[in-house]
Amino acid sequence: MLQSAGSRLRLAGVVLLSAAVYYVYVPLPSGVSEPWKLMLLDALFRSFMQASDVAHALGVCHRVHLLNQVVSWVEVIEARSSPTVHVIDTTLGGVPARVFQPNGGKKLKRGVIYFHGGGWALCSGRMRSYDLLSRKMAEDLDAVIMSVDYRLAPEAVFPDQYHDALAASRAFLSAAVLQHFSIDPERVGISGDSAGGNLAAAVVQELGSDDTLKVKFKAQALIYPVLQALDFHTPSYQQNQAVPILYRPYMARFWLQYLGADSSLEPLLLANNHSALDQPGISPTTRSRVNWTALLPAERRKHFRPVVRETGLPGLVGKVPWLTDVRAAPLLAEQRVLARTPKAYVMTCEFDVLRDDGMMYARRLQDAGVAVTSDHYEDGFHACMAFAYLPMMSSVGQRSMNSYIRWLDQNL
Ligand SMILES: *[C@@H]1O[C@H](CO)[C@@H](O)[C@H](O)[C@H]1NC(C)=O
Ligand SMILES: *[C@@H]1O[C@H](CO)[C@@H](O)[C@H](O)[C@H]1NC(C)=O
């Protein structure tokens with residue numbers, strides 16, 4: 001009896017373990033940094049996504065709300081000061097922000113305004129991971145870091161997030177704020193990752209061309225930024241469509257949500273139907289700015305072919321507003337606008353659907369005469385820098401974070 005109970009238990013254990021392994025295991029391209037860590041991270045993220053999909057389908061709540069609820073339970077932490085960094089939650093131009101101010105010293109300090117990632121819908125600068133990043137930046141750079149909590153989708157859609165980012169940035173550059181926090185107006189930077197990199201790029205374009213501003217950003221640092229929604233078949237979208245954690249369909253979904261369009265259009269976006277040649281309102285000039293056959297080097301184009309449709313669903317572009325608005329898609333900016341932006345750091349990861357957004361932007365900035373540092377990680381994956389404190393933190397996350405902070409140190 002006992003023995004058979006024991007063997008039943010063992011069998012159940014084996015079945016459970018296999019199910020867990022089956023759930024966690026995803027085939028990953030060779031070369032990705034520490035694949036098992038990425039798989040665990042992905043399993044965690046995927047199970048949250050799936051749970052929120054179920055809640056969404058059952059009408060319990062919007063999927064994004066459940067995700068953000070979980071994030072706030074698990075991740076959002078109080079503003080805690082340490083002996084080295086004074087931390088407060090405040091507002092910047094009416095937008096909530098967490099400020100990290102290094103203690104000590106009478107000298108004016110450098111300042112960075114930061115926008116967190118999360119598809120314009122998720123996360124917060126008050127999350128443990130972003131809090132720790134800002135804290136480290138404040139310590140290592142002896143700089144004041146302001147991490148902005150702009151409004152999120154689905155309640156807020158474009159241009160709300162952009163307007164919040166812009167308002168916070170204008171306030172950051174104001175004499176009152178710079179004085180209050182003892183920030184050197186000659187040494188201010190703007191930065192963000194993923195959707196936050198999108199906001200940073202859009203804001204720095206707008207402010208670079210604003211001649212009424214007395215204080216200008218000295219540097220922009222964009223970490224795996226998302227910059228365009230016209231081509232979901234760039235080589236990096238093709239190559240990494242099934243690489244965690246940012247699967248290709250997730251990105252189309254985030255875009256539709258940000259632009260206030262219907263999520264049922266996802267398959268059309270994924271088919272590049274919305275950017276078919278007969279879609280009105282997308283000029284050849286606009287197309288040339290996302291033309292990766294011209295903008296990417298051969299080693300990134302690899303064997304991939306462009307996916308350009310002759311005909312798309314009539315009226316589709318009208319259902320996806322702002323698709324070609326440069327404030328939503330900074331890659332589409334005019335060269336003369338890019339030329340007025342400050343020197344740039346663009347971090348990209350090989351195993352990221354957004355790799356080519358960043359690479360094309362780096363190229364366009366360079367063509368516009370901007371000094372660009374392109375920092376590419378051959379073993380990197382999307383969001384690798386955001387999990388810096390977890391036990392499953394990958395070495396590429398650590399390496400890229402150090403090199404990002406080093407660049408700011410040398411260029412701000
Ligand atoms: C993209 O660039 C290539 C190479 O310069 C060119 O042959 C092609 O016509 C361009 N395509 C578009 C849609 O502009
Ligand atoms: C895309 O557009 C064409 C029209 O040319 C349409 O027939 C097709 O069903 C559309 N949908 C997808 C998913 O490609």
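The values are calculated or read from the model by the stated rules, or taken from the named source; none is laboratory data. Quantities reported herein were computed from a predicted structural model and do not represent experimental measurements. Using ideal geometry, Cβ is built from the backbone for each residue, glycine included, and neighbour counts are taken over all protein chains shown. Surface accessibility is based on the protein's heavy atoms, side chains included, excluding ligands, DNA and RNA. Shrake-Rupley method; radii C 1.70, N 1.55, O 1.52, S 1.80 Å.
At full extension, Ala175 and Asn103 could sit 23.8 nm farther apart than now, given 0.36 nm per residue minus the alpha carbon distance. Here the Gaussian network model covers the chain, with springs between Cα atoms less than 10 Å apart; of Ser52, Ser30, Ser147, Ser30 fluctuates the most. Taking other residues whose beta carbon is less than 14 angstrom from the beta carbon of Met359, and scoring Lys, Arg as +1 and Asp, Glu as -1, yields -2.
All Cα-Cα distances of the stretch 28-412, cut into 10 Å bins from zero to the largest, leave 5, 25, 35, 25, 9, 1, 0 percent in each bin in turn.
Taking only protein heavy atoms and a 1.4 Å probe, the accessible area of the chain is 58% carbon and sulfur.
The mean accessible area for residues of the chain, using a 1.4 Å probe and ignoring ligands and nucleic acids, is 42 Å² per residue.
Taking a point 7 Å out from the Cα of Ala371 in the direction of its Cβ, the residues of the stretch 170-202 whose backbone N falls within less than 19 Å of it are 185-191. Given the options Gly117, Gly125, Gly260, which has the most mean-square fluctuation in a GNM of the chain, springs set between C-alpha atoms less than 10 angstrom apart? Comparing Gly117, Gly125, Gly260 in the GNM, the peak value goes to Gly260. Have a look at Leu17, Leu296, Leu277 and tell me which one the Gaussian network model of the chain (Cα, springs below 10 Å) gives the largest fluctuation. The residue with the greatest mean-square fluctuation here is Leu17.
The packing ranking of peptides 287-294, 361-368, highest mean first, is 361-368, 287-294, where packing means the average number of other beta carbon atoms within 10 angstrom of each residue. Shape class for the stretch 356-412, computed from the alpha carbon gyration tensor (a ≥ b ≥ c): oblate, with a/c not under 1.5 and a/b at or below b/c.
Fully extending the segment from Glu186 to Ala79, taken as 0.36 nm per residue of separation minus the present Cα-Cα distance, adds 35.7 nm.
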